[in-house]
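If you scroll down you'll find the structure; I have some questions about it.
Bear in mind that the values in this text are calculations on the coordinates, not laboratory data. Note that the coordinates shown come from a computational prediction; the quantities given were computed from them, not determined experimentally. Here the Cβ positions follow ideal geometry from the backbone for every residue, glycine too, while neighbour counts run over all protein chains shown.
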Amino acid sequence: MNKKRLSGVAISLVLLALCGLLAVAYPTRKPEARVAGSARERFGLMDTRLQDPPGEKPVEQVFKNIQILKGLPSSQIYATMNFMRASLDVECEYCHLKRGPGNWDFASDDKPTKGAARRMISMVMDVNRTTFGGTNAVTCFTCHRGQSPPATMANVMKSKAQNDAKAPAIDPKLVGPLPEVEQVLEKYVEALGGKAATERVKTRVIKASITEHLLPTSPLEIFQQSPDKILFVITTPKGMIAESYDGTSGWIADGKGPRRLDGPAPALLKFEADFYRDLKLAERYLRMTVAGRDRVRERDAYLIEAVTPEHKTEKLYFDVQSGLLLRRVTFIQTMIGLIPEATDYDDYREIDGVKIAFARHREQLQGFEASTIIFAEVRPNVPVDKARFEMPAAKP
């Protein structure tokens, strides 16, 4: 597959994943208590039957020689490959042919490991279909556990003391009663400056830089206008990429000219364009529960597990002391398993009474798809022309 072919899409999805521009939550209604649902919900299993986002092509219509993963949305191919790579702790060359620096022949079947991978994917999919009702109960990682040869027997040579030593000691400070969801969200709002301060902001202009996996650091500008408009402008060595949601639909303009977006990008853009979306955090989920305590970047954190209307799980980590959001974990549902994607929020600074995370780091599968946005300047309530968000006319 040709990575250059998807570079614009990859950059835009990274921007959307990273730019939760203002993390503000206000409980407009009480979240429902978590209740036991179906077996799939209770055991964290997801249905492997996929539905393409509107307008998105399946992977076999975008790339050559796709045999087993037919029907996979094309936007998920890199995440799926990276999931297998991480599960076996190998690199792309393990299965794919590299003819020279930057010269990949992804369609080639020369390597026997690629054939073996196809057989194993078919086996796993068949096991899940026939034994687990189509859920991703078994994945590559189930047997491989981060190594190429799968484990075939228990390690009986280690003593119980050696095995017990693997489990980290529980921090005494992390033991104790947990707060209610409402208490965590209310503290979050207070830490950020409060609902009133947030609603006083009507526009925002941000200057930043973005560093993406395998790409150089590039300047980034973000324009926002309430209630539902946003524009990203990134300047790369090969030219400028602009992406916007104009209140109705999403578009992108790059070296190929302006065009409307399809696939998963419009929905992500619409979400980012909702200027006060995080004031409705509790309304975004069917259920929320404080699941426990954890550690994030050496900080104690409350973990909230939330279920979306699409019955997908998200994990939100709030600093026990400050109340600020430290990490958000989402999961990409693919044919072969759930792929976690974490975004960390750091370096909170107060701008006109509202705290904003100036550093956002996104990481997927051991850092292979890692990206970082660093804010340099945030200007609230500056004039922003509505015309900025309109798709430019194509050049003759």
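Can you pull the semi-axes for the range 304-396, root of five times each eigenvalue of the Cα gyration tensor, sorted largest first, whole Å? Walk me through the numbers on the way to the answer.
Working: eigenvalues 163, 110, 41 Å².
Value: 29, 23, 14 Å, ordered largest first.
In the range 289-372, which GluC sites (Glu not before Pro) are in a loop and have at most 11 other Cβ atoms within 10 Å, using DSSP for the loop call? Display every interim value, and only then the final one.
Working: sites: E298, E305, E310, E314, E341, E350, E363, E369; in loops: E298, E310, E369.
Filter output for the range 289-372: E298, E310.
Something else about it: Give, in nm to one decimal, the length gained when the segment between T248 and L286 is fully stretched (0.36 nm per residue of separation minus the Cα-Cα distance). List each step's numbers first, then the result.
Working: separation 38, 0.36 × 38 = 13.68 nm, distance 2.55 nm.
Gain on stretching T248 to L286: 11.1 nm.
List residues of the range 52-94, by number, whose backbone nitrogen lies under 18 Å from a label position 7 Å along Cα→C-beta of D262.
Label zone hits: 52-64, 71-77.
Still on this structure: For the range 210-355, what ratio Rg/Rh do Cα atoms give with a Kirkwood hydrodynamic radius? Can you show the working numbers first?
Numbers: Rg = 17.4 Å, Rh = 17.7 Å.
That ratio is 0.99, to two decimals.
In units of 2.2 N^0.38 Å, what is the alpha-carbon radius of gyration of the range 51-120? Walk me through the numbers before you get to the answer.
Numbers: Rg = 12.7 Å, N = 70, 2.2 N^0.38 = 11.1 Å.
For the range 51-120, the normalised Cα radius of gyration comes out at 1.15.
Still on this structure, I have one more. Loop-only chymotrypsin sites (Phe, Trp or Tyr not before Pro) in the range 185-278, please: DSSP not H, G, I, E or B, and at most 15 other Cβ atoms within 10 Å. Intermediate results must be reported in sequence, preceding the final value.
Numbers: sites: Y188, F223, F232, Y245, W251, F271, F275, Y276; in loops: F275, Y276.
Hits after loop and neighbour filter: nothing returned.
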